[in-house]
Amino acid sequence: MEGHFEASAPADLYLLGWVDKESQTTTGLRVPGGLGFMLEQDFDAPVTGLNAFPEEDRPGQVNAVFQFYHLMVAIGMTLIGLSLLAGFFWYRGTLFRQRWLLWTRPLRRKRHRRPPATGKYGPGRRRRYLTLVRRAE
C-alpha cells in the first residue's frame, strides 16, 4: 500500500505522493523510515517490498491502491477529528449552537421511522409493522 518496491530495505511512510510502477519509485511527502517504525518500532527496520513477491501476486494498479488507501485514511482521520471536536463542544456546552457542524448529519445511517400509535395508524397496524421489522432483522 505504500509503494515500497525493494525486497528488504527500510521503508518510508508517505503522507501524500504518487507511485510510478515502471520506474518503481514513489515520490511525495514522506517520513523517512516511518513504515518500519510502525511495524517494528525501529526506523531502520527492513520492510518486505513488492519485488519480494512473484509478478503475478503483485497488484496491477499499485498507484490506485496507494491513492485509495490514503483517501481511506484521510476520511477516517477527518471523522475522528470531527468527533473529537463535537465532544469538545459538548463538554463546553456549546455543541447545539454550532450550526455549521450540522452538515455532517447526512453521513449518518438512516433509521426506520415508526408509524404513530394513533389515528389511521392504530395499534393493530403498528403491531403488524413491528412484526415485519422483526422478521426483516
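If residue 2 satisfies all but one of (1) touching a Leu at 6+ places or on another chain (Cβ under 8 Å); (2) open to solvent by 100 Å² or more (accessible area, probe 1.4 Å); (3) in a loop (DSSP other than H, G, I, E, B), what's the number of the condition it fails?
Going through (1) touching a Leu at 6+ places or on another chain (Cβ under 8 Å); (2) open to solvent by 100 Å² or more (accessible area, probe 1.4 Å); (3) in a loop (DSSP other than H, G, I, E, B) one by one, residue 2 breaks only (2).
Check off (1) farther than 30 Å from residue 102 by Cα; (2) open to solvent by less than 30 Å² (accessible area, probe 1.4 Å) for residue 38 and give me the number that stays unchecked.
If we test residue 38 against (1) farther than 30 Å from residue 102 by Cα; (2) open to solvent by less than 30 Å² (accessible area, probe 1.4 Å), just (2) comes out false.
Suppose the filter is assigned to a helix (DSSP H, G or I), surrounded by 13 or more Cβ atoms within 10 Å (Cβ to Cβ) and small (Gly, Ala, Ser); does residue 28 pass it?
No.
Give the residues of segment 23-60 that are in contact (Cβ under 8 Å) with a residue 24 or more places away in the chain and more than 15 Å from residue 8 (Cα to Cα), sorted by residue number.
26, 38
What's the total number of residues in segment 1-25 that are in contact with a strand residue (DSSP E or B) (Cβ under 7 Å, 6 or more places away or on another chain) and more than 15 Å from residue 36 (Cα to Cα)?
Residues in segment 1-25 being in contact with a strand residue (DSSP E or B) (Cβ under 7 Å, 6 or more places away or on another chain) and more than 15 Å from residue 36 (Cα to Cα): 4 in total.
From (1) surrounded by 13 or more Cβ atoms within 10 Å (Cβ to Cβ); (2) outside any loop (DSSP other than H, G, I, E, B); (3) of a type outside the set (S, T, N, Q), pick out the condition that doesn't hold for residue 56.
Every condition holds for residue 56 apart from (1).
Going residue by residue through segment 87-105, is there one that turns out to be assigned to a helix (DSSP H, G or I), open to solvent by less than 60 Å² (accessible area, probe 1.4 Å), out of contact with any strand residue (DSSP E or B) (no Cβ under 9 Å at 6 or more places or on another chain) and at pLDDT 90 or above?
Within segment 87-105, the first condition is being assigned to a helix (DSSP H, G or I), and the residues that meet it are 87-92, 95-97, 99-105.
After this cut, where a residue has to be open to solvent by less than 60 Å² (accessible area, probe 1.4 Å) as well, the list is 87, 89, 95, 101, 104.
Next cut, out of contact with any strand residue (DSSP E or B) (no Cβ under 9 Å at 6 or more places or on another chain) only: 87, 89, 95, 101, 104.
From what's left, at pLDDT 90 or above: 87, 89.
Within segment 87-105 (the criterion being assigned to a helix (DSSP H, G or I), open to solvent by less than 60 Å² (accessible area, probe 1.4 Å), out of contact with any strand residue (DSSP E or B) (no Cβ under 9 Å at 6 or more places or on another chain) and at pLDDT 90 or above), the answer is yes, since at least one residue qualifies.
Only residues that are open to solvent by 90 Å² or more (accessible area, probe 1.4 Å) and either modelled with pLDDT of 90 or more or outside any loop (DSSP other than H, G, I, E, B) (or both): list them for segment 59-70, please.
Listed by number, the list holds a single entry, 68.
The values are calculated or read from the model by the stated rules, or taken from the named source; none is laboratory data. The shown structure was predicted, so the numbers you read here are calculated from the model rather than taken from an experiment. Positions of Cβ are generated from backbone atoms using ideal geometry, with glycine treated the same way; all protein chains shown enter the neighbour counts. When the accessible area is computed, the model is the full protein with side chains, heavy atoms only, and any ligands, DNA or RNA have been set aside. Shrake-Rupley method; radii C 1.70, N 1.55, O 1.52, S 1.80 Å.
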